[in-house]
Each structure stands twice: as C-alpha cells, then as structure tokens.
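A.B. asks: This is the structure I want to talk about, given as structure tokens.
The values are calculated or read from the model by the stated rules, or taken from the named source; none is laboratory data. Because the structure is predicted, anything quoted here is derived from the model rather than measured. Reconstructed Cβ throughout: ideal geometry from the backbone, glycine too, with neighbour counts over all protein chains shown. Side chains included, ligands, DNA and RNA excluded: accessible areas come from the protein's heavy atoms. Shrake-Rupley method; radii C 1.70, N 1.55, O 1.52, S 1.80 Å.
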Amino acid sequence: MRLVLTGPPGAGKGTQAQALAAMWRIPQIASGDLLRAVVREDSELGREAAGYMGRGQLVPDEFVLKLIADRFRKKDAQGGFILDGFPRNLAQAEALAKRLEHAGLKLEKVVAITLPDEKIVKRISGRRTCRKCSAMYHILFEPPAKPGVCDKCGGELYQREDDAEGTVRERINVYDAMTRPLLDYYGRLGILAQVDGIGRPEEVEKRILAALSGVAKPK
Ligand code: AP5
C-alpha cells in the first residue's frame with residue numbers, strides 16, 4: 001500500500017496514519033515528525049528548520065526532500081508506506097511521483113481529510129503528544145488515563161510549540177495557498193478521495209477504510 005494522507009493542520013492525519021500503519025503493518029512516514037527529530041538534534045539545519053516551523057511556514061523543499069529520500073531507503077519502507085503531511089506543495093508532489101516512477105511504482109491513493117477552520121483550532125489547542133512514543137491524545141476528546149502521562153509507554157506528554165493559536169492560523173493559510181492545490185492535482189490523476197474529518201476517530205477511520213476498499217485490504 002502506498003498512500004498519502006493530506007489535509008489541513010489538526011485534521012487528524014497523524015491519528016489516522018498511526019491506526020492505518022498498525023493495521024497494514026507498514027510505516028507512517030510523517031514529514032513533521034522527521035523535521036522535529038532534526039530540530040531536537042540542535043544542529044544548524046535543525047535551528048533553521050525550527051525557525052520556519054515556529055512561524056507556521058513550510059520548510060524549504062530541498063531539506064524536506066532529502067529527509068524523505070533518506071527515510072524511503074530504510075528497509076521497512078520497501079513494502080509500502082503511509083505518507084503523513086508530505087507532499088505539501090506541487091514541487092514535492094512532482095518529486096515524489098518522479099521518485100516512485102524511477103522505482104517502477106505509483107501512489108495508490110491520496111486521502112484528503114477535511115475539517116472546518118473552527119474545529120481545527122479546537123483540536124490543535126487540546127493536542128498532547130508523547131515525547132517517547134509519539135502517541136497522540138486530546139485533553140477533551142482522547143484524554144490519557146493520567147494527565148500528562150502516556151497510557152502506552154508512561155512517557156511525558158507535551159504540547160507542540162507551533163500549536164499556539166496565531167501560528168495555527170498561519171499554518172491554515174499556508175495549507176490553503178500551498179497544499180490545497182494538490183487536491184486538484186491528485187483529482188486529475190484519479191486517485192483522490194476526500195473524507196469528512198468530523199466525528200470520532202473511529203468513524204473517520206471507517207470512512208477512510210471505505211475509500212480504500214477498492215485499493216487494498218489490511219493484512
Ligand atoms: P506537521 O507536523 O505535518 O503538522 P500539520 O500538517 O500542521 O498537522 P498536525 O500534525 O498539526 O495535525 P494532524 O492532521 O496530524 O492531526 P492530529 O492527528 O495530530 O507539520 C508541522 C510543521 O512542519 C509545518 O507547519 C511545516 O513548518 C513543517 N513541515 C511538515 N511537513 C512539511 C513538508 N512536507 N514540507 C515543508 N514543511 C513541512 O490531530 C490533532 C488533535 O486532534 C490531536 O489531539 C488528536 O488526538 C485530535 N483528534 C484527531 N482526530 C480526532 C477526531 N476525529 N475527533 C476529535 N479529536 C481528534
């Protein structure tokens with residue numbers, strides 16, 4: 001299965017990608033997670049990336065494409081993957097298509113999760129993520145059993161720095177200007193499915209599975 005999950009910030013890409021990756025036993029490749037790992041290393045490149053992310057802007061393509069290329073080379077990505085938050089603009093989409101074509105492969109489906117702006121802000125402001133295993137929670141909708149502690153591994157839960165309301169608004173603007181045009185691009189290729197992101201995560205998952213039913217079945 002070679003799948004792209006796209007959609008505005010907070011639409012639930014990460015939540016759904018984690019569930020689908022476990023179901024299909026293929027990796028979730030999240031460009032945001034790859035970038036945050038570089039930022040944690042505290043290198044010059046990491047500091048540069050952190051600047052873009054803190055402002056809610058896209059990190060330059062060259063940098064992101066190199067991270068994705070390195071991740072694709074790993075053994076676990078050879079049997080398929082779920083791309084979460086990548087590609088983010090036309091240049092990234094074209095680079096991905098070229099890379100897959102070179103390997104004799106194609107994307108099987110692009111699922112765009114839709115969510116209105118007011119729900120985006122509500123979801124993002126309540127998000128908490130585990131520092132250790134990246135599991136995701138929401139203080140109202142998916143609270144952990146013990147506040148601040150991951151149910152799965154006991155790790156510390158934290159709030160992302162780019163989740164401040166002003167930065168979220170900028171991330172929504174960037175999505176509308178740079179990423180939303182990909183819906184036309186993938187629509188023309190006939191591989192786009194748009195899925196309503198409103199409702200419980202399990203309901204959204206059901207809709208995604210229905211959209212994927214003609215493409216692949218979980219292992
Ligand atoms: P990135 O990390 O990709 O963030 P994003 O796209 O803005 O998306 P989020 O991670 O905020 O949300 P999500 O859709 O995954 O939702 P989630 O499942 O967490 O990017 C961050 C930054 O990195 C970018 O701004 C940019 O600077 C840079 N970047 C990343 N990729 C790049 C690229 N390719 N090129 C250039 N720059 C790049 O859910 C959110 C919350 O809602 C959680 O708390 C969750 O528990 C809850 N939730 C989820 N589903 C539901 C539901 N159905 N009902 C109720 N609550 C729910």
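A.B. asks: If one computes P(r) from the Cα atoms of the range 69-112, what percent of pairs lie at distances over 15 Å?
C.D. replies: Details: 414 of 946 pairs.
Considering the range 69-112, 44 percent of its Cα-Cα pairs are separated by more than 15 Å.
A.B. asks: Ignoring ligands, DNA and RNA, please state the percent of accessible area on the range 146-200 from carbon and sulfur, probe 1.4 Å. Don't skip to the end; give the middle numbers.
C.D. replies: Details: 1590 of 3210 Å².
Exposed carbon and sulfur together represent 49 percent of the surface.
A.B. asks: Could you let me know the centre-to-centre spacing of the range 142-166 and the range 23-46, using Cα atoms, in angstrom?
C.D. replies: Cα centroid of the range 142-166 versus Cα centroid of the range 23-46: 18 Å apart.
A.B. asks: Starting from a Cα-only point model with no solvent, please compute log10 I(q)/I(0) by Debye for the range 9-51 at q = 0.25 1/Å.
C.D. replies: -0.81
A.B. asks: Based on C-alpha coordinates, I'd like the Rg and Dmax of the range 100-149, in Å.
C.D. replies: Gyration radius and largest Cα-Cα distance of the range 100-149: 16.7, 48 Å.
A.B. asks: Through the Karplus equation 6.51 cos²θ - 1.76 cosθ + 1.60, θ set to phi - 60°, convert the phi angles of the range 101-115 into ³J(HN,Hα) values in whole Hz; use x for Gly and Pro.
C.D. replies: 4, 4, 8, x, 10, 9, 5, 8, 7, 10, 9, 9, 8, 9, 7
A.B. asks: Short version: what are the Cα gyration tensor semi-axes of the range 106-219, square root of 5 times each eigenvalue, largest first, in whole Å?
C.D. replies: Numbers: eigenvalues 156, 80, 31 Å².
Its equivalent ellipsoid spans semi-axes of 28, 20, 12 Å.
A.B. asks: Moving on to the next point. Can you work out the accessible area per residue across the chain, with the rest of the protein chains kept in place, probe 1.4 Å, in square angstrom? Numbers along the way, then the final one.
C.D. replies: Working: 11580 Å² over 219 residues.
Accessible surface, normalised per residue, equals 53 Å².
A.B. asks: Which three numbers, in whole Å and largest first, are the semi-axes of the equivalent ellipsoid of the range 1-83 derived from its Cα gyration tensor as √(5λ)? Before the final figure, lay out the partial values.
C.D. replies: On the way: eigenvalues 108, 49, 20 Å².
Output for the range 1-83: semi-axes of 23, 16, 10 Å.
A.B. asks: With viscosity set to 1.306 mPa s at 10 °C, what whole-number translational diffusion coefficient in µm²/s follows for the range 21-139 from Stokes-Einstein and a Kirkwood radius over Cα pairs?
C.D. replies: Working: Rh = 16.0 Å.
It diffuses with D of about 99 µm²/s by this estimate.
A.B. asks: Additional query: Checking a compactness column here: for the range 160-219, what do you get for Rg(Cα) / (2.2 N^0.38 Å), N being the number of residues? Could you put the intermediate results ahead of the total?
C.D. replies: Values: Rg = 15.0 Å, N = 60, 2.2 N^0.38 = 10.4 Å.
That ratio works out to 1.44.
A.B. asks: Same structure, new question: Write out the chymotrypsin sites (Phe, Trp or Tyr not before Pro) in the range 140-219 meeting two conditions: DSSP loop, and at most 16 other Cβ atoms within 10 Å of their Cβ.
C.D. replies: In loop regions of the range 140-219 (DSSP not H, G, I, E or B), the sparsely surrounded chymotrypsin sites (Phe, Trp or Tyr not before Pro) are 141.
A.B. asks: Take the cross-link list 74/109; 119/146; 146/217; 74/146; 146/206 and give me the ones stretching past 32 Å between alpha-carbons. Present the calculation step by step, with values, prior to reporting the outcome.
C.D. replies: Working: 74/109 22 Å; 119/146 25 Å; 146/217 35 Å; 74/146 35 Å; 146/206 28 Å.
Over 32 Å apart, Cα to Cα: 146/217; 74/146.
A.B. asks: Hey, can you grab everything whose amide H is under 5 Å from the amide H of residue 7? Only 5+ residues off in sequence or another chain; H modelled, so Pro and N-termini drop out.
C.D. replies: Amide H neighbours of residue 7, under 5 Å, 5+ apart: 113.
A.B. asks: Okay, next question. Using the Kirkwood radius over Cα pairs, work out the Stokes-Einstein diffusion coefficient for the chain at 4 °C and 1.567 mPa s, in µm²/s as a whole number.
C.D. replies: Roughly 73 µm²/s, to the nearest whole number.
A.B. asks: Among DSSP bridges having both ends in the chain, what percentage is antiparallel? Round to the nearest 5. Intermediate values should be presented prior to the final figure.
C.D. replies: Numbers: 7 of 23 bridges.
Given both bridge residues lie in the chain, the antiparallel proportion sits at roughly 30 percent.
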